[in-house]
Amino acid sequence: MKLTFLGHAAIALQFGAHEVLVDPFLSGNPKAAVAAEALSPHSIVLTHAHADHVGDALPIAERCGATIVSSVEIVGKLQRDRGPQARGKARFLGANSGGRVTMPFGALRFTPAWHSSGFADGSYGGMPMGVVFEFGDLRIYHAGDTALFGDMALIGRHGLDLALLPIGGHFTMDPDEALEAVRLLRPRHVVPIHYGTFDLIEQDPLAFRDAVAALPEADVGGAVVHPLAPGEALEL
Ligand code: NI
Ligand code: MN
């Protein structure tokens, strides 16, 4: 499994032959590592309806035939925006928190997230979500945008190889709250996301890494934080 950080909360996951894109906010993202036109994933997973997460999902999917997987409300809204005359190749799969969704690479399960999920035009986007990817024995959690919540302990109970956690603060957890999230989730690896894109969410990922490293191993299970620059990748 190869994970590439594309900037903000956008992640590309290469599971063998399958490429999955999460929250592809690239156009208008000052820290985007790639242009939307350069990506041709098989699936695009969206955690919630905010523009810095839905991003370029629809044009990418229309061009390359990717399946957009998200809440039934987000999928429904994108299909309405697209209109009945759409000639693109996008495919859609609606789901919801708690459900396990079979995917070509394995499976995913959407989790709760404490946030909001309205579209910019006021349309309802369903509940915000996180997602746990299952690829073989690997389990990867993308928390989406969220506050800290105690049920993260349940999300971590089957073991997580990697957790992508927002640390930007203001709209989501900050590094102090993300530190508590690591204690609840006990993942093997952590990649901080959703920081540094704008002034309001400026944070120091190296200080977060050091704070996690300073916790007793009994607390965090030896979790290692990997601050990635946009475009950097990690292989598991
Ligand atoms: Ni958001
Ligand atoms: Mn966001």
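The values are calculated or read from the model by the stated rules, or taken from the named source; none is laboratory data. Computed from a predicted model, the values in this text were never measured in an experiment. With ligands, DNA and RNA removed, areas are computed over all heavy atoms of the protein, side chains included. Shrake-Rupley method; radii C 1.70, N 1.55, O 1.52, S 1.80 Å.
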Exercise. When DSSP assigns beta bridges and you keep just the ones with both residues in region 2-225, what percent turn out antiparallel, to the nearest 5?
Worked result: 55 percent
Seminar exercise, completed: Whole-Å distance linking the alpha carbon centroid of region 138-178 with that of region 50-99 is 24 Å
Exercise. Averaged per residue, what accessible area in Å² does the chain show with a 1.4 Å probe, protein chains only?
Worked result: 42 Å²
Seminar exercise, completed: Taking protein heavy atoms only, a 1.4 Å probe, and rounding to whole percent, the accessible area of the chain owed to carbon and sulfur comes out at 52 percent
For this session: Starting from 0 in steps of 10 Å, tell me what percent of the Cα-Cα pairs of the chain lands in each bin.
Result: 8, 36, 39, 15, 2, 0
